[in-house]
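Each remark here refers to the structure printed beneath this line.
The values are calculated or read from the model by the stated rules, or taken from the named source; none is laboratory data. These figures come from a predicted structure and were not determined experimentally. Note: ideal-geometry Cβ built from the backbone for every residue, glycine included; neighbour counts use all protein chains shown. Accessible surface areas use protein heavy atoms only, side chains included; no ligands, DNA or RNA. Shrake-Rupley method; radii C 1.70, N 1.55, O 1.52, S 1.80 Å.
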Amino acid sequence: QVQLVESGGGLVQAGGSLRLSCAASGSTFSYNRYGWYRQAPGKQRELVATMSRTGGTNYADSVKGRFTISRDNPKNTVYLQMNSLKPEDTAVYYCKQTSYTGGDYWGQGTQVTVSS
């Protein structure tokens, strides 16, 4: 079955950087669309960035110019490079797979905390 495992979260000071990873298994990675979403306490889950199977990207306005989504098809991994982090970026970050066969799958999430 499909499994998504996020890693790379942690505590960082404002202005710092983190790189999140999402290792996918259970489907043909290169055929799928992937995205990063986040959910802060008391707020709804929101889109951060997505990448299509052809490499097209989409970013939330709040992270444009600071975050970069990428994928490594041979490694079945999607990344989120986060630079110039702000306290408002604090959230649980989730990886999402939209499969070419239909259906959405989520990872368990990784906590990112940015201190001021």
* To do: Run down the lysines and flag those whose C-alpha is under 26 Å from the C-alpha of residue 43, throwing out any fewer than 8 positions away in its chain.
  => 64, 86, 96
* To do: Compute the signed sum of charges (Lys and Arg +1, Asp and Glu -1) over the other residues within less than 13 Å, Cβ to Cβ, of residue 21.
  => +1
* For residue 113 and residue 52, compute 0.36 nm times the residue count separating them, minus their Cα-Cα distance, and round to one decimal in nm. => 19.2 nm
* When the chain is fully extended, how far beyond the present Cα-Cα distance does residue 3 get from residue 40, taking 0.36 nm per residue of separation? -> 11.0 nm
* To do: Specify, per residue and in Å³, the volume enclosed by the convex hull of the alpha carbon atoms belonging to the chain.
  => 93 Å³
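Note down the net charge around residue 53, summing +1 for each Lys or Arg and -1 for each Asp or Glu among other residues with Cβ under 11 Å from its Cβ.
On the way: positive: 33, 71; negative: none.
It works out to a net charge of +2.
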* To do: First select every other residue whose beta carbon is under 9 angstrom from the beta carbon of residue 82; then total the charges, Lys and Arg +1, Asp and Glu -1.
  => +1
* Structure fact -> Mean separation of Cα contacts under 8 Å (at least 6 apart) over the residue count of the chain, i.e. the relative contact order in percent, is 36 percent
* Compute the accessible area per residue over the chain, keeping the other protein chains in place, probe 1.4 Å, unit Å². => 52 Å²
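For the chain, what is the charge dipole size about the Cα centre, in debye to the nearest 20, if Lys and Arg each add +1 at the Cβ and Asp and Glu each add -1 at the Cβ?
Working: 12 positive and 7 negative charges, 28 e Å.
Roughly 140 debye for the chain.
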* Asked: Roughly how many percent of the accessible protein surface of the chain is carbon and sulfur, given a 1.4 Å probe and a whole-percent answer?
  -> 45 percent
